[in-house]
Amino acid sequence: MINESEVLSLFERHCDGIKPQGSSQYVALCPFHDDTIHSFSFNSDGLYNCFGCGKSGNAVEFAKHFSDNPKPFYSNDYQRTNGKQTVKPIVNGLNGGKSAVDLTPKLKEYKIKYPENKGYEPFILNEVGKDKDGAITIPYWADGKCVGIKHHKPKNGKQSWWEGDGTIKWYNSWWFDAYHNDQLIICEGEKDANRLVQLGYNAISTSGGALSVPPIPDKFKEPKELILLYDNDEWGEKGAKKCADKIYNSLGVLPYIGQWRQGLPKGFDAYDDRTGEEVEYAINNKRIYEPRNEVSGVSNSQEGYTVVSVLDALKMDIHKPRMLIEDLINENCTLLLSAEDNVGKSMMANQMGLCLATGQDFLGYLVPEPKKVLLVQHEMENGEQTDRLKTQVVPFVESYPHLMEKNLMMNLIQEGENLAITNQFEMLDRTFTANPDIEVCIFDNIGQSTNVAMTKPDEIRQELKVLKTLCRKHKVAFVLVAHHNKIDWGKEMDLVKTQIQGGKPVTDWADNVLQLHTSSLNTGLVLFKITKVRSIHNQDGTTSKNLPQAVWFNNDNDLLFKDRFTVTNWQGHFKALDKFEDELAFVKELATYPQPFTTNDAINVGDKFDKSVTTIKAHWLKKLVNPMGWLIKEGHGLYRVNQKVMDFIKISED
């Protein structure tokens, strides 16, 4: 028998950077070529192989090459045939646990030259080659020896086949001990695994395709995260779930399943991603696997309902969610704040945060007490958000400096971070865990929080359930900024929930909904309507739900909203003002008459605009009273110009 300590001493004399890798297995910087990635492997029997330059042999050959004494390493294990090692049975470790033939010498026959610095280092290390039929040859290793070679997809129409041990195995399992324990990615094929290693991940794959799962090793318990990243197709989805289920049933470990970006080609996999951008996206958007009960389809981790007597429940300290802003948001609940672009919804969301942090009423709506608020946004650069806040905070800092310092927080986009990053729910979960005193999160916006398209109702529902779980888990209320669909406002002339992107799943999920729209009569006026209120706190049992209101924006160049009031000519604010040029001139002329004016006064003014008596009496006077609200009817044949409405209207000089 060869003395293991003498073998190790031999390689230590001629190799740098030796590291143990499993039982009786070592890696080192190759002494035969300029190596920087520990591509040289040897074991306690003295067998060595370099995945980089291809040098291989035994301790006798190694000692002779470096003019060392080979005699301590002669044994019956080394049958010298013209200086080459013979093929001998070996024990296959993780990959099958059965006797197999050492096929390492065969790999020279399949060796190919890879282009340098093109990301093929993992393929070179694992000695992936090509046979005469054009099939990719993929060696499987155990204890430093090749135990099986998969010949994958020959070019001549032949079937893929195995040389040596073809039992189902884990590819790259021979690198387990070299991998760190933070994360392990399990993918569908060997090329995918090598690409992932090249991108800097720890990765393995199954040898048998999407639906074939080898025995689950205890090694899978060691990484902090197991992530399944199968191909972007039906079989990949089924295979990932099958593998996840087997891992859970074998080890009790719940893995994650990576989520590819929508719109990628069918069958897209890790090997197709040269830059790593899509792989990073899929990993960032991973979802925890929930095992299903085969009979009921319910998650195995889900217990039954907690059932108590109604009378017992009434004795419990279960209180109604407390009001945070009257009619708008309650504790542990959600407010959807929706509008088109350039209406000022993000500025209004900031203003809500300022009022909540200081306990100041929001546009006349009661805020009972200060709350700890976190402002989160991923659409703008840090400088854009801070530039807005620099203006908005002034009156609040002047009056409530201590509360502002204590209660208002914001996230900072880190350098290199994707500003349109999606699926932020996991980040929010971690943030709330690290900052348990946060009571309200202003999140701008929901469209950037998930990789699910807002046009897919069923998928949206599942995502929103996750967000609701965050509310309950961390006792946090959410103000979520949302977008309106493209609307023909001149036809709809109202704010209704169906206009919000995501439709019914989103508005059903939200506890309260507030919608905004810029008035067509004055760009400084923003229409304001609460279209959903789930919980009423007013002692009279009343709310301002569906009340047509408006607020002035930025009148004092402070980026704040002020002076909420009820609007009487609601529909008139949805049509472009140039469509009412004649009506406007008509009303402005009537405003010069003593108020109230008479029907005859209106007929006389109408004559100046070539309008008939019938047109004025039957049409114009009626529509200007209702729905437009530009005139107020004070009695039979008596009208008054609504001066408040006229004050809204801003006509440019041209």
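The values are calculated or read from the model by the stated rules, or taken from the named source; none is laboratory data. Because the structure is predicted, anything quoted here is derived from the model rather than measured. Glycine gets a Cβ as well: all are built from the backbone with ideal geometry, and neighbour counts include every protein chain shown.
Observations
- Residue check for Leu356: within 19 Å of Leu480 (Cβ to Cβ), in contact with a Leu (Cβ under 8 Å, 6 or more places away or on another chain) and not in a helix (DSSP H, G or I): no
- Those strands (runs of 3 or more DSSP E) of region 557-654 in which 2 or more residues are modelled with pLDDT of 90 or more and closer than 30 Å to Gln360 by Cβ occupy 561-566.
- Positions within region 312-340 being under 26 Å from Val466 (Cα atoms), assigned to a loop (DSSP other than H, G, I, E, B) and of a type in the set (A, V, I, L, M, F, W, C), in sequence order: Ile318, Leu328, Cys333
- Sole exception among (1) at pLDDT 55 or above; (2) part of a loop (DSSP other than H, G, I, E, B); (3) surrounded by fewer than 17 Cβ atoms within 10 Å (Cβ to Cβ) for Val87, by number: (1)
- Looking across region 258-274 at every residue that is within 15 Å of Leu196 (Cβ to Cβ) and not acidic (Asp, Glu), the one that is surrounded by the fewest Cβ atoms within 10 Å (Cβ to Cβ) is identified as Arg274.
- For region 420-452, the set of residues classified as at pLDDT below 65 and surrounded by 13 or more Cβ atoms within 10 Å (Cβ to Cβ) consists of Ile421, Thr422, Asn423, Gly447, Gln448, Ser449, Thr450, Asn451, Val452, listed by residue number.
- Ala142 crowded, with 22+ Cβ neighbours inside 10 Å, in contact (Cβ under 8 Å) with a residue 40 or more places away in the chain and closer than 22 Å to Pro223 by Cβ: yes
- Of all residues in region 181-198 being part of a loop (DSSP other than H, G, I, E, B) and modelled with pLDDT of 90 or more, the one that is farthest from Gly263 (Cα to Cα): Gly189
- Filter result for Gln385 (crowded, with 17+ Cβ neighbours inside 10 Å, closer than 24 Å to Asn485 by Cα and at pLDDT below 90): no
- Region 398-410 residues that are on the phi < 0 side of the Ramachandran plot and crowded, with 18+ Cβ neighbours inside 10 Å, paired with ones that are of a type in the set (Lys, Arg) and part of a loop (DSSP other than H, G, I, E, B) (beta carbon under 8 Å, 6 or more apart): Asn407/Lys371; Asn407/Lys372
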